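One structure is given below, encoded as structure tokens.
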Amino acid sequence: MLWWKRHPRIAALLGDLEPYQLDALIESIRRNDQAVRIFVHKGQIIAGWHIYLACQELGKTPEIVQVGGTEDDALAKALSVELSRRHIDKHQVAAIWFEAAKCIKPIKALIDQAVAEAKARRNSQLKRGSARSAQLDRIGESAAEIGRRIGVSGSTVKRISALSPTWRTKLAAGETDFNHARQYSIRERNRTEAAKCPPVNLGEIRILQSDFRELDVPINVPLILCDPPYDDASLPLYLDAAKIAARHLDKERGFLLAYSGIHRLPKVIELLSAHLNYYWQLVLPFTNTSGHVRARIVRRVRNCYRPVLAYCAGPRANPPKVFVDCLKPRNRQKEWHPMQQPLEDIITLVEHFTRPGDLVVDLCGGAFTGAIACYHAKRRYLGCDIDSQAVKDGQLRLRKFVHEAGYSDK
Ligand SMILES: C[S@@+](CC[C@H](N)C(=O)[O-])C[C@H]1O[C@@H](n2cnc3c(N)ncnc32)[C@H](O)[C@@H]1O
């Protein structure tokens with residue numbers, strides 16, 4: 001049996017199958033005999049590397065097709081063969097094409113040609129006085145044209161071109177999935193944009209890196225926010241937060257607002273009730289991007305809301321005004337932190353439970369949405385997070401918010 005090498009550029013672009021996938025391929029070839037061929041260019045395998053490995057394992061001689069022409073033409077052909085054979089999702093397919101355009105000339109030419117054709121079509125439409133918006137066509141038609149050539153939709157192409165180069169490479173290599181790549185690309189872009197904004201005077205908004213159990217909390221605080229991660233390991237944090245709130249909340253009008261997951265709600269209530277008095281439960285519904293209620297199926301329940309528990313330290317505290325206990329449905333907002341809460345919700349809570357100038361203490365800052373809410377609502381803020389990256393991002397986010405909202409000019 002001949003021994004072949006794999007072409008290094010194709011190997012770098014497509015990576016290896018997982019061991020369980022290779023086992024499945026060996027099994028399939030054992031049962032069905034080899035159904036697909038191996039493509040070889042100048043002594044190197046350019047498509048079908050894993051079929052070759054499977055044949056070696058089974059002691060079979062693979063069926064070889066010699067591909068002529070230039071190396072780059074052969075690689076372009078091999079890539080489309082490999083991608084049509086593999087069970088990978090459309091986002092990874094598009095990301096691999098984008099990566100391939102960096103190192104295989106005919107693929108770059110294919111993408112450039114698609115863009116040029118879309119541009120030419122748009123120009124001729126504009127000359128004919130077509131009513132379609134040039135902006136829309138410029139983004140939409142190029143992506144659709146590229147998509148047609150690489151076998152995915154235009155919207156997939158658009159999503160992939162919006163990723164940061166680093167995350168697109170990781171997605172192509174199968175090191176991450178599209179949702180992660182998208183979220184981290186957005187965060188990278190936000191950090192870069194925020195770093196360009198000049199520093200601002202944040203007044204009485206203080207963001208610290210600390211474990212909240214070591215935070216120096218003043219006495220008679222009107223509002224403490226508590227939003228730890230919703231896993232078992234973090235459950236004891238609710239008890240620590242309750243102890244801090246019992247000592248530091250204003251007895252007449254102070255509240256602790258604790259965000260909670262649904263699964264552990266009874267335990268969270270038990271921990272908070274050990275030191276504080278239960279006041280109310282608020283409901284924060286989720287929506288999807290088109291404004292419909294968004295639900296995650298958990299234990300065969302479509303869960304459409306996040307509970308927030310209101311506790312007070314005194315026997316009976318009263319919020320400054322009557323509030324509605326079911327807030328408006330909000331979209332996911334995760335552009336700074338994976339556990340970020342919608343800003344509008346926190347603004348509503350801060351405005352319900354405090355007066356302008358009051359201090360809000362935020363024990364688990366996360367994306368420091370509480371800090372933004374307080375800056376916007378003219379409350380003082382003291383917040384911390386144990387994670388130094390979250391603190392750096394929180395400071396950048398606040399800086400960007402202040403600039404974008406135009407507060408820095410006032
Ligand atoms: C759910 S996120 C908070 C999100 C925040 N409410 C927002 O919307 O921006 C929870 C945060 O708690 C932080 N955290 C966990 N344990 C902590 C501790 N002991 N002290 C301070 N922060 C902690 C985590 O690092 C994480 O960033």
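Here are the numbers for the structure shown:
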quantity	calculated
Residue satisfying condition, being in contact with a Leu (Cβ under 7 Å, 6 or more places away or on another chain), touching a residue at least 60 places away in the same chain (Cβ under 8 Å) and within 14 Å of the ligand (Cβ to nearest atom), within set C312, C364, C384, C374	C384
Flag for V402 being under 14 Å from I207 (Cβ atoms) and either within 16 Å of the ligand (Cβ to nearest atom) or modelled with pLDDT of 95 or more (or both)	no
Any chance V200 is in contact with a helix residue (DSSP H, G or I) (Cβ under 6 Å, 6 or more places away or on another chain) and surrounded by fewer than 18 Cβ atoms within 10 Å (Cβ to Cβ)	yes
Selection count, the stretch 360-382, where residues are touching a Phe, Trp or Tyr at 6+ places or on another chain (Cβ under 6 Å) and closer than 18 Å to D240 by Cβ	1
Hey, E99 of a type in the set (D, E), assigned to a helix (DSSP H, G or I) and surrounded by 14 or more Cβ atoms within 10 Å (Cβ to Cβ) or not	yes
Lone qualifier among R300, R330 - being in the same structural domain as V217 (by TED's automatic domain parsing), surrounded by fewer than 21 Cβ atoms within 10 Å (Cβ to Cβ) and away from the ligand (no atom under 12 Å from the Cβ)	R300
Test for E335: is it charged (D, E, K, R), without any contact (Cβ under 8 Å) to a residue 40 or more places away in the chain and either within 12 Å of the ligand (Cβ to nearest atom) or over 25 Å from R264 (Cβ atoms) (or both)	no
Hits in the stretch 212-253 - residues which are surrounded by 13 or more Cβ atoms within 10 Å (Cβ to Cβ), within 15 Å of the ligand (Cβ to nearest atom) and assigned to a loop (DSSP other than H, G, I, E, B)	L215, V217, D227, P228, P229, Y230, L235
The one condition in (1) touching a helix residue (DSSP H, G or I) at 6+ places or on another chain (Cβ under 7 Å); (2) in contact (Cβ under 8 Å) with a residue 60 or more places away in the chain that H403 fails to fulfil	(1)
Residues of the stretch 338-361 satisfying the condition of being over 17 Å from the mean Cα position of the chain (by Cα) and either away from the ligand (no atom under 14 Å from the Cβ) or modelled with pLDDT under 95 (or both)	E351, H352, F353, T354, R355, P356, G357, D358, L359
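Results for (1) of a type in the set (K, R); (2) in a helix (DSSP H, G or I); (3) at pLDDT 90 or above; (4) under 11 Å from W4 (Cβ atoms), shown as yes or no for each residue.
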position: I26; (1), (2), (3), (4): no, yes, yes, no
position: V36; (1), (2), (3), (4): no, no, no, no
position: I46; (1), (2), (3), (4): no, no, yes, yes
position: A54; (1), (2), (3), (4): no, yes, yes, no
position: E57; (1), (2), (3), (4): no, yes, yes, no
position: T61; (1), (2), (3), (4): no, no, no, no
position: L75; (1), (2), (3), (4): no, yes, yes, no
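The values are calculated or read from the model by the stated rules, or taken from the named source; none is laboratory data. All values reported here derive from a predicted model rather than from experimental measurement. In this analysis, Cβ positions are derived from the backbone assuming ideal geometry, glycine residues included, and neighbour counts consider all displayed protein chains.
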